[in-house]
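For reference, the structure is listed below as structure tokens.
The values are calculated or read from the model by the stated rules, or taken from the named source; none is laboratory data. What you see is a predicted model; the values in this text were computed from it and never measured. We place every Cβ from the backbone using ideal geometry, glycine too, and count neighbours over all the protein chains shown. Please note that ligands, DNA and RNA were not included when accessible areas were found on the heavy atoms of the full protein model with its side chains. Shrake-Rupley method; radii C 1.70, N 1.55, O 1.52, S 1.80 Å.
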Amino acid sequence: MTAPVFWRTALAALLLVSASGNLSVATEIGPIEITHEDGLVRLTQDGPKIEIAAQFVQLSDAEGESTAAITAANRLIEQQVLSQVDAFRDEYQSFLAGNDGEHLGPPWGLSITGELRYQGPVFWTLELETYHFTGGAHGGTENQALVLSRQSGEPIPVSALFKPDSDWQQRLSEASYQALIQRESFVPDDEWLVSGTAPEPDNYQVLLPIAEGLEVVFGLYQIGPYAIGITRLLLPYSSLSAVLNPKLFPNQEL
């Protein structure tokens, strides 16, 4: 068994079966420490040239909750985090291999947080935020939305948040553009803004249905230069009532 495969298998097993305490896994580029405490999983690697810190929520059983759904949801959250950590470590191994095992430049870093943003009657909404630095002028931040069924624990795709065959992308595009041009950072008809809010699937991959409405997250460089950063926009459910899937939002005043 190769080192990367062994690490993936061992680390995944430790996260899934350990309920408490501290564990460490020895690897070629330093140990991984895993801690389960207060409903959170913490995964850290602290070394002179590479640092990884991940902290994400573990969903807990509630009265009447499906144990299988909880288990499936937690497994999916863990897999999402592990896949990012694995990819980062593989990239670092390749970086070292390309420099005859020597680290050149500033230390690398990866930070991941996983937060429960909403717990409704039908689904959980979680947000993963990842910051990574591999040298250069600055690092990068990426966000990911996980909307998980409370019945099965399986992910609900973006399109399923809306009525089948509805013009939800167009509705999101219009609402987002109109809201953003009210902000000082944006100028109407700016090519970057128009392109980034266009009714295209890639523009609306990070949608977070929370108690107050649908939060749309625009990534770095999506609607403006790096200096603008991550842009968040909260759209009230009332403005999307014509396109939302009523099966997923039974208690919303649409």
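Couple of notes before you dig in:
- Take the chain with all the other protein chains still there, run a 1.4 Å probe, and you get 51 Å² of accessible area per residue.
- Share antiparallel - DSSP beta bridges, the chain, percent rounded to 5: 85 percent
- Charge dipole (debye, nearest 20) of the chain; +1 at Cβ of Lys and Arg, -1 at Cβ of Asp and Glu: 360 debye
- Length gained on full extension, D202 to F133, computed as 0.36 nm times the residue gap minus the Cα-Cα distance: 22.5 nm.
- Positive minus negative residues near A198 (Lys, Arg vs Asp, Glu; Cβ under 12 Å): -4
- One Cα centroid belongs to the stretch 83-154, the other to the stretch 157-182; the line between them spans 27 Å.
- Relative to the longest principal axis of the Cα atoms of the chain, helix 168-180 runs at roughly 90 degrees.
- Applying 1/(1 + (r/R0)^6) with r as the Cβ-Cβ distance of V158 and Q182 and R0 = 22 angstrom yields a FRET efficiency of 0.30.
- Amide H contacts of L40 (H built 1.01 Å from N, in plane; Pro and chain starts excluded): Q58 sit under 5 Å, all sequence-distant by 5 or more or on other chains.
- Helical mean residue ellipticity (222 nm; -39500 (n - 2.57) per DSSP H run of 4+; nearest 500) of the chain: -8500 deg cm²/dmol
- Using alpha-carbon coordinates, inclination of helix 3-17 to the longest axis of the chain, degrees: 60 degrees
- Toward the positive end of the charge dipole of the stretch 112-173, with +1 on the Cβ of Lys and Arg and -1 on the Cβ of Asp and Glu, the farthest Cα among G120, Q169, Q144 is that of G120.
- Of all accessible heavy-atom area on the chain, the percent that carbon and sulfur account for (1.4 Å): 51 percent
- Counting Lys and Arg as +1 and Asp and Glu as -1 over every other residue whose Cβ lies under 9 Å from the Cβ of A53, the net charge comes to -1.
- Rounded to the nearest 10 degrees, the inclination of helix 67-97 to the longest alpha-carbon principal axis of the chain is 60 degrees.
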